[in-house]
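**Q** The structure's right below; bear with me while I get my questions together.
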Amino acid sequence: MYRLNSGFRWTSSIQQETEVMTLALISEEPDSDIQQLEKQHFNHVNHLNYQGVIANNHKIEKLAGEQLLENLLSNLLRYGVLIASSVVFIGGILYLINHGSEPAQYHIFRGTSPEFCSPIGVFTAILSGSRRAIIQLGLLILIAVPVLRVLISFLTFLFLRQFIYVVITSLVLTSLIYSLLSAY
């Protein structure tokens, strides 16, 4: 009837029959306030007009342009982060292959080399064969992905003529570019 299997769980060989039943409870006296609110909500949903698109179940559907933008931005973020993390991982492996057996000297502080302080310096260091530059390139890609997302959002909102979002996105893009360029 009962037996102990190798995973320390008791199992039973007897099949149990279960019966599921649903029971709907209807109140005898309906609440008039709730019914009135439901009617108001239903009438409000029927009068909604979000650029002429209302679904059959009274939910607002996304327009094709909005859905395309959402898919584009989600794929950009997904694949951008995957590419950046892959580049950092490959650079880290290559760095550890060449410098993994060196002893760490923590009593002497060595700052970042000047070649790693600008994107052009990172690219020249990669061409010269630096493994740390590959890691830096992955970090630059990781920083560039959200900036590219804001740029694509700006161009899409400009194309769709949604000018309030164009203004907001241009402010965000301006502050991002200023913060990145003011460091140099």
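**Q** For residues in region 164-184 being part of a helix (DSSP H, G or I) and among the hydroxyl-bearing types (Ser, Thr, Tyr), which is nearest to the chain's Cα centre (by Cα)?
**A** Per the criteria, the residue is THR169.
**Q** Check whether at least one residue in region 121-129 is closer than 29 Å to GLU66 by Cβ and surrounded by 13 or more Cβ atoms within 10 Å (Cβ to Cβ), and report yes or no.
**A** Within region 121-129, none of the residues are closer than 29 Å to GLU66 by Cβ and surrounded by 13 or more Cβ atoms within 10 Å (Cβ to Cβ).
**Q** Next question, about the same structure. Out of all the residues in region 126-158, which are more than 20 Å from the chain's Cα centre (by Cα) and either in contact (Cβ under 8 Å) with a residue 60 or more places away in the chain or in a loop (DSSP other than H, G, I, E, B) (or both)?
**A** So in region 126-158, the residues more than 20 Å from the chain's Cα centre (by Cα) come out as 126-137, 158.
Within region 126-158, SER128, GLY129, SER130 qualify.
**Q** Still on this model: Quick check on region 90-120: of everything there that is open to solvent by 90 Å² or more (accessible area, probe 1.4 Å) and part of a helix (DSSP H, G or I), which residue is farthest from SER182 (Cα to Cα)?
**A** Step by step, filter region 90-120, then rank; the result is ILE97.
The values are calculated or read from the model by the stated rules, or taken from the named source; none is laboratory data. Values in this document were obtained by computation on a predicted structure and should not be read as measured data. Here the Cβ is made from the backbone with ideal geometry for all residues, glycine too, and neighbour counts use every protein chain on show. For accessibility, only protein heavy atoms count, side chains too; no ligands or nucleic acids. Shrake-Rupley method; radii C 1.70, N 1.55, O 1.52, S 1.80 Å.
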